[in-house]
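Notes for the one structure printed next.
The values are calculated or read from the model by the stated rules, or taken from the named source; none is laboratory data. All values reported here derive from a predicted model rather than from experimental measurement. Neighbour counts run over all protein chains shown; Cβ positions are idealised from the backbone, glycine included. These accessible areas exclude ligands, DNA and RNA; they are computed on the full protein's heavy atoms, side chains included. Shrake-Rupley method; radii C 1.70, N 1.55, O 1.52, S 1.80 Å.
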Amino acid sequence: VWLKNRDATDSHALTDSVRGVTKQLSSDNTDDEVTNADGLTAFGSDGFSLGDDVIYNTNNESYVAWNWKAGTSFSNDASSTSVGSIDSTGSVNSDLGFSIINFTGTGDVQTIAHGLSKAPELIFQKSREKADNWVSYAAPLGNDGGLVLEGTNAKINSSTYFNDTSPTSTVWTMGDQNAVNNSGQETIAYLFHSVDGYSKIGSYIGNGNANGPFVYTGFRPAWVMIKRTDSASSWSIHDTARDTFNVTQKNLYANLTAGEESQATWQYDILSNGIKLIGTSGEINASGGTYIYMAFAEQPFKYANAR
């Protein structure tokens, strides 16, 4: 569960069933994991329960929550399976291309089993025990560096992130950089790959005008996150729970505590098979700017009806 107060400058709150309820990380800072007894207190079969912490549940303030379900327990003993070089545990949904993986770093280059059936295209990983970056791998950028989720940085070229090695259908490779692989520290990773009709991870080039690029996803998106990669920019998130009709402009930023904003220069239309950029902000549509995006379907294509 990724939750954000729309009305206040509270941090984002990320909680998952692998780390456990009340265990909070925030995408907008480098802080290590905290235990918040008044945060997300339970996962249920049809939702989740909250305490009264202001980040989660302030009286009369509006929130949004984005949710992914992995659901199948995962454990890999690397010495027994010969898959990966260190052990990993977590939760996996191989049909929908999503896994949550926990491991203990070593400080040396290692490979880790991710439980998916295809190579992940987007990875966010964070030390649970140390204040350090959310290091992000994005397949469209190649394997010679990455991004940081809590910052605005353009792509950072560094072999110490992923050892200049692309993920495979069984493992991903980590370099010896402390943020991704600090010796003795538990680290959590969220891994995604595209699934036809359900999710899409890709890239596009902006043109800087109101007749912007059309980005094909193959489905009508419900949630879209965009990041410029050749220049400093925020990670912008739009969704159809907050914007129920076009144009889409209610923006939240994964890397900022800022409340929700509506900006004409960040607008795009959500279409039956992708998005059409009409805003001219450099954050989503600079002329010649390069961008990555991740999108999830409003309804998976195999079940979709006409609007």
Between PHE245 and ASP52, how high is the FRET efficiency from 1/(1 + (r/R0)^6) when r is the Cβ-Cβ distance and R₀ = 41 Å? Nearest 0.05. 0.80
First select every other residue whose beta carbon is under 12 angstrom from the beta carbon of THR35; then total the charges, Lys and Arg +1, Asp and Glu -1. -1
What full-extension length gain, to one decimal in nm, is calculated for LYS69 and ASN207 as 0.36 nm per residue of separation minus the Cα-Cα distance? 46.1 nm
Provide the per-residue ³J(HN,Hα) series for region 179-191, in order, calculated from phi with Karplus coefficients 6.51, -1.76, 1.60 and θ = phi - 60°, each as a whole number of Hz, with x at glycine and proline positions. 5, 9, 7, 7, 4, x, 9, 6, 9, 10, 9, 10, 10
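Given Cβ point charges of +1 (Lys, Arg) and -1 (Asp, Glu) and nothing else, what value in debye, to the nearest 20, does the dipole of region 130-276 about its Cα centre take?
On the way: 9 positive and 13 negative charges, 70 e Å.
Computed charge dipole of region 130-276: roughly 340 debye.
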Got a sec? Charge dipole of region 30-70, +1 on Cβ for Lys and Arg, -1 for Asp and Glu; which of ASN59, THR35, PHE48 is way out at the positive end? PHE48
Furthest towards positive pole of dipole, SER117, SER183, TRP134, structure part region 41-193, Cβ charges: SER117
When the Karplus curve 6.51 cos²θ - 1.76 cosθ + 1.60 is applied with θ = phi - 60°, which whole-Hz ³J(HN,Hα) does each residue of region 20-29 get, with x for Gly and Pro? x, 4, 6, 8, 10, 10, 10, 6, 9, 8
Rounded to 0.05, the calculated FRET efficiency for the beta carbons of ASN178 and SER117 at R₀ = 30 Å is 0.45
Using θ = phi - 60° and the Karplus curve 6.51 cos²θ - 1.76 cosθ + 1.60, what whole-Hz ³J(HN,Hα) does each residue of region 57-74 get, with Gly and Pro shown as x? 6, 7, 4, 6, 9, 9, 10, 10, 9, 10, 10, 10, 10, 8, x, 9, 4, 9
On a C-alpha basis, how far is the centre of region 252-297 from the centre of region 165-243 in Å? Whole number, if you could? 13
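Which length gain, in nm to one decimal place, applies between ASP196 and SER166 when the Cα-Cα distance is subtracted from 0.36 nm times their residue separation?
Details: separation 30, 0.36 × 30 = 10.80 nm, distance 2.12 nm.
Stretched fully, the ASP196-SER166 segment lengthens by 8.7 nm.
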Amide H contacts of ASN255 (H built 1.01 Å from N, under 5 Å, at least 5 apart or other chain): TRP235
Potential extension, TYR216-ASN59 segment - 0.36 nm per residue separation minus Cα distance: 52.6 nm
Hull surface divided by four, with the convex hull built on the Cα atoms of the chain: how many nm²? 14.8
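Considering only protein heavy atoms, with the full assembly of protein chains and a 1.4 angstrom probe, order THR244, THR217 by accessible area, largest first.
Result of the area sort, largest leading: THR244, THR217.
Using a simple charge model, +1 on the beta-carbon of Lys and Arg, -1 on the beta-carbon of Asp and Glu, nothing else, what dipole does the chain show about its Cα centre, in debye to the nearest 20? The partial results should precede the final answer.
Values: 19 positive and 33 negative charges, 199 e Å.
With only Lys, Arg, Asp and Glu charged at Cβ, the dipole is about 960 debye.
Given a Förster radius of 51 Å and the C-beta distance between SER287 and SER80 as r, what FRET efficiency does 1/(1 + (r/R0)^6) yield to the nearest 0.05? Each step should come with its number before you reach the end.
Details: r = 53 Å, r/R0 = 1.04.
About 0.45, to the nearest 0.05.
Note down the net charge around ARG128, summing +1 for each Lys or Arg and -1 for each Asp or Glu among other residues with Cβ under 14 Å from its Cβ.
With Lys, Arg at +1 and Asp, Glu at -1, the neighbours total -3.
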Lysine pairs in the chain with Cα distance under 14 Å, only those 8 or more apart or on different chains: how many are there? 4
Dipole of the chain, positive end: most advanced residue of SER159, LEU96, PHE74 [Cβ charges, Cα centre]: LEU96
With +1 at each Lys and Arg Cβ and -1 at each Asp and Glu Cβ, the charge dipole magnitude of region 226-307 around its Cα centre, to the nearest 20 debye, comes out at 220
